[in-house]
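The values are calculated or read from the model by the stated rules, or taken from the named source; none is laboratory data. Computed from a prediction, not measured in an experiment: that's the story for all the values here. Here the Cβ positions follow ideal geometry from the backbone for every residue, glycine too, while neighbour counts run over all protein chains shown. For the accessible areas, the whole protein counts, side chains as well, though only heavy atoms, and no ligand, DNA or RNA atoms are used. Shrake-Rupley method; radii C 1.70, N 1.55, O 1.52, S 1.80 Å.
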Amino acid sequence: MSTAVLHVTGARPNFPKLAPVQAALAERGVAQRIVHTGQHYDDRMSDIFFRELELPRPDVNLGIGSGSHAEQTARTMIALEGAFLEAEPRLILVYGDINSTLAAAVVASKLGIPLGHVEAGLRSFDMTMPEEINRLVTDRLSNVLFATSEDAIGHLEREGVDRDTIHFVGNPMIDTLLKARPRLDPARAKAEHGIEGPYIVGTLHRPSNVDDPDDVAALVRVIHAFADLATFVMPVHPRGRDRLVDAGLTSHPRVIATDPLGYLDFVSLVSGADAVVTDSGGVQEETTILGVPCFTMRPNTERPVTITHGTNQLVTRESVVPAVAAALAAGRPTAWPTPALWDGHAGERIADVVQCQLA
Ligand code: UD1
Ligand code: UDP
């Protein structure tokens, strides 16, 4: 069967976005192929998501692995060119803002293959973030742009993107969350991780937080201050692992550091948490729907809707400890607004648009 849609996927945040789109296209009988670049390769950063999210195994894994931005992106481009030429898809779908997304966008557009970008139009306006560069280039090259929030549409329009190519579809990552919700078990996750009483979940992997040893030392002091307030459980991303451990992450008795967690375990823990401290894009969105106070340790966010219509706030190393203490004292919110179309049906809307493109 010839390939109508080829999905390019590569790293942890891609997989929960891909799952509902793949499922909705499968329901519509569209012939699909999944190419995994191999940007993330540890079981806990990759394969576990395919098992837990009922994603079919990738048709191809290019085994790209780690490297500098140029090395990783260049290797991915070379390998993708062969994969695209072999499959001759009618549409290539890319997700989010990782290096694999950028590489696929450049190769697809040079081969003249129509390109769709899921999660188009997000902007942090911070060009020190590799993801911002990836977003700008990918959107500029895309023929079909799927926006998760209304602010994203405004950014794209201001950049001169034809409004007819932009589709406001909602958030496929939230489709995955809502589908998983009946399987979440916060009490079990808490017991399995040996957590007693109130707890804070932390996930931090941005270069701005974990690359520089001085930043890491300051971050560990802040984490220990959280642990003075409540148990702090941190599934540690491989990017900062060694530096965090060297800086004494686990020397506080109420810090629990684990390997990266599978999706169901992680989201179960987050759903039962009293607060979350993060720099993850996806976690800002998930806490918005779960109603968990979220403290984002970044100077900006490309997801402002999680602040205006969610539970997120931007914090610094200086402001975060009192902010978390206040959240622990106040308890979890009982009512909060949620963003438009984050309703569990984004994958279906994307599939409808894709079907029109293929017709
Ligand atoms: C990448 C994305 C980032 C995303 C994050 C999600 C880019 C530019 N960055 O960052 O936007 O938020 O994924 O998790 O694409 N490593 C392992 N095992 C793995 C994968 C990575 O040990 O399975 C280690 C390697 O030492 C590697 C480092 O993590 O050098 C960074 O991996 P990489 O994919 O380059 O970037 P991330 O920081 O994961
Ligand atoms: N996640 C997970 N296990 C973890 C940490 C995160 O399953 O230990 C999930 C999280 O629920 C979200 C996704 O990974 O769905 C976000 O990926 P990440 O934070 O790596 O990337 P970002 O969203 O910042 O690009």
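Of note:
- Angle in degrees between helix 15-27 and the longest Cα principal axis of the chain, rounded to the nearest 10: 40 degrees
- Between 0 and 90°, nearest 10: helix 213-229 axis offset from the chain longest Cα axis: 60 degrees
- Cα-centre dipole for the stretch 111-174 with unit charges at Cβ (Lys and Arg positive, Asp and Glu negative), debye to 20: 120 debye
- Here the accessible area of the stretch 1-55 is 45 percent carbon and sulfur, with a 1.4 angstrom probe and all protein chains present.
- Peptides ranked, highest mean first, by Cβ atoms within 10 Å: ranges 252-262, 322-332: 252-262, 322-332
- Whole-percent carbon and sulfur share, accessible surface of the stretch 124-197, 1.4 Å: 51 percent
- Cβ-based charge dipole, the chain, positive-most Cα from S271, G121, P13: S271
- For the stretch 134-235, applying the loop criterion from DSSP together with a ceiling of 13 other beta carbons within 10 Å to the GluC sites (Glu not before Pro) yields E159, E196.
- The share of accessible area on the stretch 290-350 that comes from carbon and sulfur is 60 percent, using a 1.4 angstrom probe.
- In the stretch 71-184, a dipole from Cβ-located charges (positive for Lys and Arg, negative for Asp and Glu) runs towards its positive end, and of S109, I98, L184 it is L184 whose Cα lies farthest in that direction.
- Cα-centred dipole magnitude for the stretch 128-266, charges only on beta-carbon of K, R (+1) and D, E (-1), debye, nearest 20: 440 debye
- Distant-in-sequence amide contacts of V292, defined by a placed amide H-H separation under 5 Å and a gap of 5 or more residues or a different chain, comprise nothing.
- Full extension of the chain between M127 and R57 yields a length gain of 21.8 nm, computed as 0.36 nm times the residue separation minus the alpha carbon distance.
- Simple rule: put +1 on each Lys or Arg Cβ and -1 on each Asp or Glu Cβ in the stretch 188-338, find the dipole, and look at T301, L249, T311; the Cα lying farthest toward the positive end is T311.
- The residues of the chain have, on average, 40 Å² of accessible surface per residue, using a 1.4 Å probe with all protein chains present.
- Between helix 69-87 and the chain: long-axis angle, C-alpha atoms, 0 to 90°, nearest 10: 40 degrees
- Residue of K17, K190, K179 that the Gaussian network model of the chain assigns the largest fluctuation, springs spanning Cα pairs under 10 Å: K179
- The GNM of the chain, with springs linking C-alpha atoms under 10 angstrom apart, assigns the highest mean-square fluctuation among L229, L85, L136 to L85.
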